[in-house]
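The values are calculated or read from the model by the stated rules, or taken from the named source; none is laboratory data. Every value quoted in this text rests on a predicted model; they were computed, and no experiment measured them. Cβ sites come from the backbone with ideal geometry, for glycine too, and all protein chains shown count toward neighbours. Remember, those area values only see protein heavy atoms, side chains included, never the ligands or the DNA or RNA. Shrake-Rupley method; radii C 1.70, N 1.55, O 1.52, S 1.80 Å.
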Amino acid sequence: QFVESGGDLVQPGGSLRVSCSVSGFTLEYYAIGWFRQAPGKEREGVGCINSDEASDGSSYLRDSVNGRFTISRDNNRRTVHLRMNNLKPEDTATYYCAAPLASNCPDSSVFFRENGAGWHYWGAGTLVTVSS
């Protein structure tokens, strides 16, 4: 089971960290992806982090958030974080985490094209609203 948390109302330019808590799942062996869905829009991939074992926990992010967002993992606490800085109104969305059931993230071109199709253990999401 995956549970997202940490969503909130934040002003433009502000920061927020959302988290994905995992249970019944051996987090350290698997890649984890973050996705978001804005009102009236389709779900899109935000980024993905590899398992520590497969690729030292390396990650990638979509261009629009690269340099502002960071994905990290704490396997001991069974948690994956998405740190968001310099938030913009267009970042407003419900954020979700999910797993591909593989130790490596897919190629980024595949990840951003498929936007989580076929991924597993989706939580209910956490709402991030960026507004003044």
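Yes/no per residue for (1) among the small types (Gly, Ala, Ser); (2) more than 19 Å from GLN1 (Cβ to Cβ):
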| position | (1), (2) |
| --- | --- |
| TYR29 | no, no |
| GLY33 | yes, no |
| ARG36 | no, yes |
| VAL46 | no, yes |
| GLY57 | yes, yes |
| ASP63 | no, yes |
| PRO89 | no, yes |
| LEU101 | no, no |
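Looking across region 19-34, just one residue is β-branched (Val, Ile, Thr) and in a loop (DSSP other than H, G, I, E, B), and that is THR26.
Applying the condition of being more than 14 Å from the chain's Cα centre (by Cα) and open to solvent by 50 Å² or more (accessible area, probe 1.4 Å) to region 71-84 and asking which residue is nearest to TYR60 (Cα to Cα) yields ARG78. Since ILE32 meets every condition but one in (1) over 15 Å from GLY125 (Cβ atoms); (2) surrounded by 14 or more Cβ atoms within 10 Å (Cβ to Cβ); (3) among the hydrophobic types (A, V, I, L, M, F, W, C), which condition does it not meet? Answer for ILE32: the failing condition is (1).
If you filter region 19-34 down to residues that are aromatic (Phe, Trp, Tyr) and out of contact with any Leu (no Cβ under 7 Å at 6 or more places or on another chain), you find that the one that is modelled with the lowest pLDDT is PHE25. The residue pairs whose first member lies in region 5-26 and is among the aromatic types (Phe, Trp, Tyr), whose second member is part of a strand (DSSP E or B), and whose beta carbons are closer than 8 Å, counting only pairs six or more residues apart or on different chains, are PHE25/PHE2; PHE25/ALA99. I'm checking my understanding of the structure. Among residues of region 100-111 that are touching a Phe, Trp or Tyr at 6+ places or on another chain (Cβ under 9 Å) and surrounded by fewer than 22 Cβ atoms within 10 Å (Cβ to Cβ), which one is modelled with the lowest pLDDT? The selected residue is LEU101.
Yes or no, residue by residue, for (1) part of a loop (DSSP other than H, G, I, E, B); (2) open to solvent by 20 Å² or more (accessible area, probe 1.4 Å); (3) modelled with pLDDT of 95 or more:
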| site | (1), (2), (3) |
| --- | --- |
| GLY13 | yes, yes, yes |
| ARG17 | no, yes, yes |
| ARG36 | no, no, yes |
| PRO39 | yes, yes, no |
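Of all residues in region 112-132, those being at pLDDT 95 or above and on the phi > 0 side of the Ramachandran plot number 1.
Of the set (1) outside any loop (DSSP other than H, G, I, E, B); (2) under 13 Å from the mean Cα position of the chain (by Cα), all apply to GLU90 but (2).
Scanning region 93-132 for residues that are farther than 15 Å from ASN50 by Cα, part of a strand (DSSP E or B) and either in contact with a Gly (Cβ under 7 Å, 6 or more places away or on another chain) or of a type in the set (Gly, Ala, Ser) (or both) turns up ALA93, THR94, TYR95, TYR96, THR126, LEU127, VAL128.
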